[in-house]
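The values are calculated or read from the model by the stated rules, or taken from the named source; none is laboratory data. Note that the structure is predicted; figures quoted are calculated from it, not measured. Reconstructed Cβ throughout: ideal geometry from the backbone, glycine too, with neighbour counts over all protein chains shown.
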Amino acid sequence: MKRADKKLTEHYIAFVAKRSEESRASCADFDRKNAQCVTRLASRGVTTIPKLIAALPDLSSKLKGFGIWWLAVTKTRRGENVLLRMLHDDPPFRLSCAATLSSIGGPRSAREFIRIGKAQLASSSPDRKWLEAVIYGLKLFDAPREAANVLLTIYERTDLPGWLRGNAGDAMGFCSPLQDRRTSFFRRAWTTALNGLDHTDIEVQFWSMYVIMQLAQNDSSNRKRSNACFAAALPRLREIAATDHRLAPGYWWPMSAEAEDAIYVIKHGNGRENDAGERWLGNKERGPMIRE
């Protein structure tokens, strides 16, 4: 039986079975709701992935949300066309379509997100929801340099809200141009990140520390490089490490812990084994995320 013809019920049972017993226990409610979606789809004759793709735009909100997620889980590349259409035609699901396209899409999807991003950034009043979708769509691509430039431009734009700039900074961590210190891209990213440490918005501050860590990495695939150029960030990072104990937006560790990690990377050229996430793993509190 071809993988595409395999029943959704069989796909989902196999998906759950592959996970650890601990994961199945912690995700029991999540799995139960998803299994209900599979059953409801089957009752409508949607029993295989090709049938799911064909039916996706016309499903109910709950089943549509499951279907988009399931295409990402199963890495179903053939869903790219319908997701690109829904990206434009179904605004409530724009972000979820973008997120799935980032994992299953190819050059066509990358070009479309780049096109949308450039058009919005050229506007006198860019649509923040579209820019958020662009960030989601380009975040996991092995994308061309144009994609990295779109993300960097969003990160640089001081007229955009901090959460959007922070999301772009996060996505930039996947961009290979970030590691080439000979480029204008590197210099722009470094200048923006350094200025971001003093920004009034906590998300710009937090993600600027993250960007600095990515810039300062001396990965084994690259020749060893001096991190002396990052000394300008150390006084402010030390101040944050000593005094700013607010929980980072959406995370369970404080700004001070992120600053400590950034200082470590600048000094050593690589991340510490016991990073902020591990040091604060037991803390169940989350930093507030403010969206306009």
- Those residues of the stretch 135-178 which are modelled with pLDDT under 90, part of a helix (DSSP H, G or I) and touching a helix residue (DSSP H, G or I) at 6+ places or on another chain (Cβ under 7 Å) amount to R145, P177, L178
- Query: Among (1) part of a helix (DSSP H, G or I); (2) at pLDDT 95 or above; (3) of a type in the set (S, T, N, Q), which single condition is S103 missing?
  - Reply: (2)
- Output the qualifying pairs, or none if there are none: Cβ atoms under 9 angstrom, residues six or more apart or on different chains, first residue in the stretch 183-204 and under 24 Å from E146 (Cβ atoms), second residue of a type in the set (D, E) and assigned to a helix (DSSP H, G or I). R188/E156; A189/E156; T191/E156; T192/E156
- Query: So which residues in the stretch 111-168 are among the small types (G, A, S) and surrounded by 21 or more Cβ atoms within 10 Å (Cβ to Cβ)?
  - Reply: G117, A133, G137, A143, A147, A148, G162, G166, A168
- Message: Filter the stretch 42-68 down to the residues that are of a type in the set (S, T, Y) and assigned to a loop (DSSP other than H, G, I, E, B) and list them by number.
- Response: T47, T48, S60
